[in-house]
Structures are given as C-alpha cells and as structure tokens.
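The values are calculated or read from the model by the stated rules, or taken from the named source; none is laboratory data. Fair warning: this is a prediction, and the values are worked out from it, not measured in the lab. No Cβ is skipped: glycine too gets one built from the backbone with ideal geometry, and neighbour counts run over all protein chains shown.
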Amino acid sequence: MTQQYSLAQGREYLAIPGPSVMPDAVLQAMHRPSPNIYDGALVEMMPGLTRDLKRVARTEHHVAIYIANGHGTWEAALSNVIAPGETVLAPASGRFTHGWAEMAEGIGAKVSLLDFGMSSTWDLDRIAEALRADTTHQIKAVLAVHVDTSSSIRNDIPALRAVLDDLNHPALLMADCIASLGCDRFEMDAWGVDVMVTASQKGLMTPAGVGFVFFNDKAQAKRAEMPRVSQYWDWQPRVTPEMFYQYFNGTAPTHHLYGLRAALDLIHAEGIEAIWARHARLAKAIWTACEIWAQGDALQLNVADRAHRSHAVTALRLTDGRGTPLRRFTETQLGLTLGIGLGMEDQDGCFRLGHMGHVNAQMVMAMLGGMETAMAALSIPRGSGALEAAAAVLADQIQG
Ligand SMILES: *Cc1c(COP(=O)(O)O)cnc(C)c1O
C-alpha cells in the first residue's frame, strides 16, 4: 500500500458477532436521567418486559433477569439445577460449549464432554450412546449450545430432544441461545427445552450487561430439590418478586431496561418470523459470496454444509494467515470491523462475520463489498462475481 490516507472516516460498521449494532431507538431510549427505582415507570415496565422476552423465546414459562453477561447466565442457570458432584453432558461443536462445561466444573459438577471439533455439528448417535450408557441417570443435564459463535455451527436442538425422549432420559435440556436468539429460529416450548440462557448484546440489540435465564416447570422441580442455591443466582425471587428490587437482587440495570424495551418493541413490530426470514436471506447472500470467493482456493467457510450454518455469524479462514491482515485493512482503511477468529488453531487465518440483530441488506452488501475491496488490496486470489451473486440473492433472483 502506498496510500497515505484512509477511507475509514464516516460511520463505522462493527460487524463482529457480538456486541451487535445497536438501533438508534435503543440508544435514544437509554439517553435519560436515572429513574426512580422504587416507584413509577421503571417498576411498571417489568411485567411487559418479561412477557415480551418470553414471546421472543417462544415460551409460556419463566424468565429470570440478571445483571450479567452470557458467562454469568451460564453460571446462573447451572447454579439453580446442578448440585456439586452431579454430572452434565456437554456435546461440543465449538469453543463456547467448552466454556460452559468449564463453568460447570467450577461449580463442582462432573463434566462428560463429547468433542466434535470446530467444524462439525453434533453426532447424535454418539450423544445417544452416552445417554444410553447412563443407565442410573447420573447425567442431570445436557448443555446444548444452539449456535456456537466460535465455529458458526448451528446445532439441531429438536433432534437432540428426540434423542432424550426416545431413551426416556430425564436429563434437563439446557440451551445456550446467546448467539441465536432473535436471529435463528428457536422455539423453547415446542422444542422441549427446559432451560435456555441468552444475553442482551446480540440478537436482542441492547448493550452487553444483562442476561436472561428462561426455565420451565421441570427445571423448577429440579431447583426445588437442590440442597442449596447461592442467593445471588437463585432464580426463584427473580420470577416471583414481592418487591421490585428482587427482580435483580439489588438496584435494577435501569438504562439497559429502557434500551431493552425499545429493542423488544422493534422485534415485535417486525415479527419474530420475519426476523428469522431476514436473517436467513442475509446469511444466504453472505454464503453465496463466500462460496464464490472460495473458488480461488484462499478463502474457506468453516462449516461446509449450509444446513449446519448459523444465520447470525459466519466463521471463515484465509490461507497463509491472511485473516488478520484482511481484518486490519477493513478496519483501518474502510471503517469496517470484522470479528477475530476464536478457538481456532490458525488464529491469524481465521476471522468471523457478525450478521446478527439490527442488520439489513445494504449493510450486508457493504460488508461484502469491504471484503472484496480488502481481498483486492491484499491480492488474495478469489472467484469473481461474488458481489453480483449476493445481490441476486437479495434481489430474490436466485435462491442462493
Ligand atoms: C457471546 C456468547 C457467549 C458469551 O457471552 P458473553 O456475554 O461474552 O459472556 C456464550 N455463548 C455463546 C453461544 C455466545 O455467542
């Protein structure tokens, strides 16, 4: 590069897989003085917030809200249903499952880990084998990461439910939907999920710092049998508060709640089915472009089979460690920030595109255009016609 100036001035685009782009309506809703936490609008907001969160998760059951990030919800959920010495089964298709499993070990659980690597979905036969071998039902929960954000694998949760049902295994089905909720189809009750965790900063388009644990009556029954539950993580007072402060075990995350209210209004105005369809189409445009670029033998999609790819994040790899230079170029020269690789051996080769939440077609074309520009600047070999093909997917001319 001989160029001595940057083309990055202008509105920047943070296209990483969380935190996601925040809508202006969310930002504006938070721009206000601190509200009264004992009375008034904030207190009155809570029933509507929990109702609308449950609509997004497609559940009629319960939601506890925590001042926490996703890692906090992992611990919160486990703390309510897994006692020290109990076993959880963790089928891993990426780094995040390992993280949740380590959290389980941290609270004294035994972890039975099935590692399917960084590019494959669950092998349901191996999961069934592990559950079948557990004749005394030592496994109390299966930790199921729906979309593993490191690999961009999307796992089949209904199929896992069917495995548990076929074997009559009573383990709780616990899902991590931190990357998928509000992006990929997820239906907690219809899919038979007992506990689901998510966080504010991805499909829910709100700043990081608030986490959610959804649970049904089966999980609540397990909670009732626990010898003890640490007071801060206990979900019970949070779902049946007698006083407002019990929703959060202390001061409410006031501004997050206003932001979340605005985000839920956007979600329900668009409609969750329409949101899933939008993410699916945008993902198809991205895959189409990437598959064409891949013809140059330098770029690879981490997940080969479209059926197992997330609609919210795409993990990619460039040969010769050129992922890091590509990201550096898009960020400093174009004002486009792409995600780093996570949990991959080839750290400099790997990178990720975030396309979760408040993302539309012109943003996706800008992201793809930024990649095309960076690959041109770095002389990375690639198939041609990627942008035209992506445009055709968005224009509904081809199925993609
Ligand atoms: C982002 C993410 C997490 C971690 O969330 P934090 O808020 O960073 O703690 C966990 N699981 C999945 C699937 C994620 O995408």
Answer with yes or no whether Arg185 is touching a residue at least 12 places away in the same chain (Cβ under 8 Å), surrounded by fewer than 21 Cβ atoms within 10 Å (Cβ to Cβ) and assigned to a helix (DSSP H, G or I). no
So which of Thr337, Thr314 ends up being of a type in the set (Val, Ile, Thr) and crowded, with 22+ Cβ neighbours inside 10 Å? Thr314
Determine which member of the set Gln220, Gln231 is surrounded by 17 or more Cβ atoms within 10 Å (Cβ to Cβ) and closer than 20 Å to Ala109 by Cβ. Gln220
Looking at Thr373, Thr337, which is the one that is part of a helix (DSSP H, G or I), among the β-branched types (Val, Ile, Thr) and touching a Leu at 6+ places or on another chain (Cβ under 9 Å)? Thr373
Looking at region 77-100, which of its residues are in contact (Cβ under 8 Å) with a residue 40 or more places away in the chain, out of contact with any Phe, Trp or Tyr (no Cβ under 6 Å at 6 or more places or on another chain), in a helix (DSSP H, G or I) and within 12 Å of the ligand (Cβ to nearest atom)? Ala77, Arg95, Phe96, Thr97, His98
Looking at region 118-127, can you tell me whether even one residue there is in a strand (DSSP E or B), at pLDDT 95 or above and touching a Pro at 6+ places or on another chain (Cβ under 9 Å)? no
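Every residue, every condition in (1) farther than 28 Å from Trp276 by Cβ; (2) buried (at least 21 other Cβ atoms within 10 Å of the Cβ); (3) charged (D, E, K, R); (4) free of Cβ contacts under 8 Å to residues at least 24 places away in the same chain, yes or no:
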site: Asp176; (1), (2), (3), (4): no, yes, yes, no
site: Lys202; (1), (2), (3), (4): no, yes, yes, no
site: Met205; (1), (2), (3), (4): no, yes, no, no
site: Ala208; (1), (2), (3), (4): no, no, no, no
site: Phe212; (1), (2), (3), (4): no, yes, no, no
site: Thr240; (1), (2), (3), (4): yes, no, no, yes
site: Tyr245; (1), (2), (3), (4): yes, no, no, no
site: Gly259; (1), (2), (3), (4): no, yes, no, no
Take the conditions in contact with an Asp or Glu (Cβ under 7 Å, 6 or more places away or on another chain) and within 16 Å of the ligand (Cβ to nearest atom) and apply them to Met118. Does it pass? no
Could you grab me the full set of residues in region 48-67 that are crowded, with 18+ Cβ neighbours inside 10 Å, part of a loop (DSSP other than H, G, I, E, B) and at negative phi? Thr59, His61
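Matching residues to (1) of a type in the set (S, T, N, Q); (2) crowded, with 19+ Cβ neighbours inside 10 Å; (3) more than 30 Å from Ala392 (Cα to Cα); (4) free of Cβ contacts under 8 Å to residues at least 24 places away in the same chain:
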| residue | (1), (2), (3), (4) |
| --- | --- |
| Asn249 | yes, no, yes, yes |
| Leu266 | no, no, no, no |
| Ala280 | no, no, no, no |
| Ala283 | no, yes, no, no |
| Ile286 | no, yes, no, no |
Given the criterion in contact with a Lys or Arg (Cβ under 7 Å, 6 or more places away or on another chain) and not in a helix (DSSP H, G or I), identify the matching residue among Trp276, Trp191. Trp191
In region 18-38, which residues are away from the ligand (no atom under 16 Å from the Cβ), assigned to a loop (DSSP other than H, G, I, E, B) and of a type outside the set (D, E, K, R)? Pro23, His31, Pro33, Ser34, Pro35, Asn36, Ile37, Tyr38
Inside region 326-359, can you point out the residues that are of a type in the set (S, T, N, Q) and at pLDDT 95 or above? Thr330, Thr332, Gln333, Thr337
What do you reckon, is Gly250 away from the ligand (no atom under 16 Å from the Cβ), in a loop (DSSP other than H, G, I, E, B), assigned by TED's automatic domain parsing to the domain that holds Arg132 and modelled with pLDDT of 95 or more? yes
In contact with a helix residue (DSSP H, G or I) (Cβ under 8 Å, 6 or more places away or on another chain), of a type in the set (S, T, N, Q) and either farther than 30 Å from Ser384 by Cβ or assigned to a loop (DSSP other than H, G, I, E, B) (or both): which single residue out of Thr206, Thr288 fits that description? Thr206
For Trp74, work out the one condition from (1) touching a residue at least 60 places away in the same chain (Cβ under 8 Å); (2) over 28 Å from Gly354 (Cβ atoms) it doesn't fulfil. (2)
Cβ-Cβ below 7 Å, separation at least six or inter-chain, first residue in region 103-126 and closer than 15 Å to Arg154 by Cβ, second modelled with pLDDT under 95: which pairs? Met118/Gly343; Met118/Met344
Step by step: first the residues of region 376-391, then only those that are in a helix (DSSP H, G or I) and touching a residue at least 12 places away in the same chain (Cβ under 8 Å), then the one that is farthest from the chain's Cα centre (by Cα). Which residue is that? Ala377
Meets criteria (under 15 Å from the mean Cα position of the chain (by Cα) and at pLDDT 95 or above) for Ser93: yes
Contacts under 7 angstrom Cβ, first residue in region 132-143 being under 17 Å from Leu160 (Cα atoms) and in contact (Cβ under 8 Å) with a residue 24 or more places away in the chain, partner outside any helix (DSSP H, G or I) and acidic (Asp, Glu), 6 or more apart: Lys140/Glu86
